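*Asks:* Got a structure for you, written out below as structure tokens; questions coming shortly.
The values are calculated or read from the model by the stated rules, or taken from the named source; none is laboratory data. Predicted model only: the values in this text are computed from it and were never measured. Virtual Cβ from ideal backbone geometry, glycine too; neighbours counted across all protein chains shown. Quick note on the areas: whole protein, heavy atoms, side chains included, nothing else; ligands and nucleic acids left out. Shrake-Rupley method; radii C 1.70, N 1.55, O 1.52, S 1.80 Å.
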Amino acid sequence: MALTMLNELLIEDPNAPMLLYQVSKTAQLDTVNYQSCFMQGVFAHFPEILFIHRTYNPVGKVLYTFLVDGPRVQLEGHLARAVYFAIPAKEDAEGLAQMFQVFKKFNPAWERVCTILVDPHFLPLPTLAMEFPAAEVLLSAFHICKFLQGKFYQLSLEQPVERVLLTSLQSTMCSATAGNLRKLYTLLSSCIPPAQLPELHSHWLLNDRIWLAHRWRSRAESSRYFQGLEVTTRVLSQLFGTTPCVEQGMASLLRYMQQNAGDEASFSLGLSPQNSHAPLDVSPESPKVEQLVEARIQRSLNAICTGPAAQLCLGELAVVQKSVHLIGSGSEKVNIQILEDTHRVQPQPPTSCSCYFHQAFRLPCRHVLAMLSARHQVLQPDMLPARWTAGCAAGLDNILGSKWSETLDKHLAVALLTEEVGQLLQHCSQEEFERRYNTLRELADSWIGPYEQVQL
């Protein structure tokens, strides 16, 4: 009856998903592997970082959920990042090897997996390393956070101490700098009894390789990331982890996926072209598209710009080719992140960006070039001032010297600092806000006058 229900759910799905299952001698599901066409397309587009989460049901069967992760993934919806569901016969080397091999058979992009994020209790690491020899296996920041939260509750600490630890943990996860992680490590060492401290594996906080895979997120992005995974794991627990019947749990999960198929509409493998900028014909199966787009951008730079201006812009493009990703777009503005700072791009002519390079030289910066690459477009003449177009005589020294401005340099430095301080004040607690505000108040009074004259 359960298999009939699963098959009926699949018939209702117009995209012909893949479902492989094996029935035991007692007519119960022994193994399950499921992936819809949409899930397969998402993984083909974002294969670099794979996040694996495990959900156990009351009789010990475990559901493996594979999710895509990383800077390029900006998908909305509780399970929009899920790309594969699997239930192995057993959680031993043989059962997991079979599960991973089925996944690889239906997903050729597995060879492009660079990092796999797992939970602290994931023991069959040798099997994972054997099946994904080129990938680095790391503990995920989310699972470490959940692990420490659980330990705080298990230790039955005094309520004020527990509250301080949980608050500090949440704050550190949203800003996982080396300094903040060291402070949390020190706090644990002072608050947790020495006999119980080894249970927390606090040395994970000092493993910088773990946190480099997470640190690129801003405080707001980290908060959304953790909240999204929290909802995702709770949904999986409610659908699969509360019923002892594997068939019923899988049927509930597949029904949920179908009912929330609207999340797929927010995902597009390519951005639609704007105005008359001709796009390339792209698909997830053509891995050379990015190289072709970048080659066209290089040709357009050389054709439109003066030699020195093209030289500067090609240097910016080199950064784009290594680390830039489009992280979000709207009808009027595009946000670009290069693993350190976020800047705002105005795509409509005259194209502009908030970064220093563009403000100083009025040339297409790495953020503008990233936008063009993501949209599969090339540089247009109306995107740069006439003085930098081909045919205008200007050397590199003239460009650098003509636009240098100490006042502009100071203005941009203050603007960036002001924005950063504003972000910190928006996301701190009321108590912390009052303390920081009073510090700013005292600094302003000492520099430019008392409160009656200066309003912060």
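*Asks:* Quick one: would you say TRP216 is crowded, with 16+ Cβ neighbours inside 10 Å, part of a helix (DSSP H, G or I) and not acidic (Asp, Glu)?
*Replies:* The answer is no for TRP216.
*Asks:* Return the total of residues in region 46-69 being assigned to a strand (DSSP E or B) and small (Gly, Ala, Ser).
*Replies:* Initial filter on region 46-69 (assigned to a strand (DSSP E or B)): 49-56, 62-69.
Now narrow it down to the ones that are small (Gly, Ala, Ser): none.
Total meeting the criteria: 0.
*Asks:* On to the next question. Filter region 25-36 down to the residues that are in contact with a strand residue (DSSP E or B) (Cβ under 8 Å, 6 or more places away or on another chain) and either over 24 Å from GLU230 (Cβ atoms) or part of a strand (DSSP E or B) (or both) and list them by number. Give the steps one after another, and end with the answer.
*Replies:* Kept after step one, since they are in contact with a strand residue (DSSP E or B) (Cβ under 8 Å, 6 or more places away or on another chain), are these residues of region 25-36: 29-36.
Scanning region 25-36 gives LEU29, ASP30, THR31, VAL32, ASN33, TYR34, GLN35.
*Asks:* On to the next question. Taking region 125-139, which residues are touching a residue at least 24 places away in the same chain (Cβ under 8 Å), part of a helix (DSSP H, G or I) and under 18 Å from ARG54 (Cβ atoms)?
*Replies:* Passing the criteria: PRO126, THR127, LEU128, GLU131.
*Asks:* Of ARG209, ARG182, which residue is open to solvent by 60 Å² or more (accessible area, probe 1.4 Å), modelled with pLDDT under 90 and either assigned to a helix (DSSP H, G or I) or within 28 Å of SER429 (Cα to Cα) (or both)? Lay out the reasoning, then the answer.
*Replies:* Numbers: ARG182 fails: modelled with pLDDT under 90.
The unique qualifying residue is ARG209.
Matching residues to (1) surrounded by 14 or more Cβ atoms within 10 Å (Cβ to Cβ); (2) within 27 Å of ALA44 (Cβ to Cβ); (3) touching a helix residue (DSSP H, G or I) at 6+ places or on another chain (Cβ under 7 Å); (4) without any contact (Cβ under 8 Å) to a residue 12 or more places away in the chain:
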residue: ALA80; (1), (2), (3), (4): yes, yes, yes, no
residue: TYR84; (1), (2), (3), (4): yes, yes, yes, no
residue: ILE87; (1), (2), (3), (4): yes, yes, yes, no
residue: VAL113; (1), (2), (3), (4): yes, yes, no, no
residue: LEU155; (1), (2), (3), (4): yes, no, no, no
residue: ARG163; (1), (2), (3), (4): no, no, no, yes
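*Asks:* To continue, here is another question. Criterion first (open to solvent by 40 Å² or more (accessible area, probe 1.4 Å) and hydroxyl-bearing (Ser, Thr, Tyr)) does SER190 satisfy it? Break it down into steps so the answer makes sense when it comes.
*Replies:* Details: open to solvent by 40 Å² or more (accessible area, probe 1.4 Å): yes; hydroxyl-bearing (Ser, Thr, Tyr): yes.
Here the answer is yes, as SER190 does meet what is asked.
*Asks:* Give region 42-68 a look and list any residue that's open to solvent by less than 10 Å² (accessible area, probe 1.4 Å) and either without any contact (Cβ under 8 Å) to a residue 60 or more places away in the chain or among the aromatic types (Phe, Trp, Tyr) (or both), or say none.
*Replies:* Of everything in region 42-68, those that are open to solvent by less than 10 Å² (accessible area, probe 1.4 Å) and either without any contact (Cβ under 8 Å) to a residue 60 or more places away in the chain or among the aromatic types (Phe, Trp, Tyr) (or both) turn out to be PHE43, PHE51, VAL62, TYR64, PHE66, VAL68.
*Asks:* Looking at region 234-274 only, could you name the residues that are open to solvent by 70 Å² or more (accessible area, probe 1.4 Å) and either at pLDDT 80 or above or in contact with a helix residue (DSSP H, G or I) (Cβ under 6 Å, 6 or more places away or on another chain) (or both)?
*Replies:* ARG234, GLN238, THR242, PRO244, GLN248, ARG255
*Asks:* Tell me whether region 93-108 contains one or more residues that are under 19 Å from TRP211 (Cβ atoms) and modelled with pLDDT of 90 or more.
*Replies:* no
Let's see how each residue does on (1) assigned by the TED database to the domain that holds PRO71; (2) modelled with pLDDT of 75 or more; (3) among the charged types (D, E, K, R):
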site	(1), (2), (3)
GLN311	no, no, no
SER323	no, no, no
SER354	no, yes, no
ARG362	no, yes, yes
MET371	no, yes, no
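*Asks:* Let me ask something else. Test of understanding: among ALA97, ALA195, ALA109, which residue is in a loop (DSSP other than H, G, I, E, B) and either over 30 Å from GLN426 (Cα atoms) or touching a residue at least 40 places away in the same chain (Cβ under 8 Å) (or both)?
*Replies:* ALA195
*Asks:* Give the residue, chosen from PHE122, PHE152, PHE142, that is part of a loop (DSSP other than H, G, I, E, B) and aromatic (Phe, Trp, Tyr).
*Replies:* Numbers: PHE152 fails: part of a loop (DSSP other than H, G, I, E, B); PHE142 fails: part of a loop (DSSP other than H, G, I, E, B).
Among PHE122, PHE152, PHE142, only PHE122 is part of a loop (DSSP other than H, G, I, E, B) and aromatic (Phe, Trp, Tyr).
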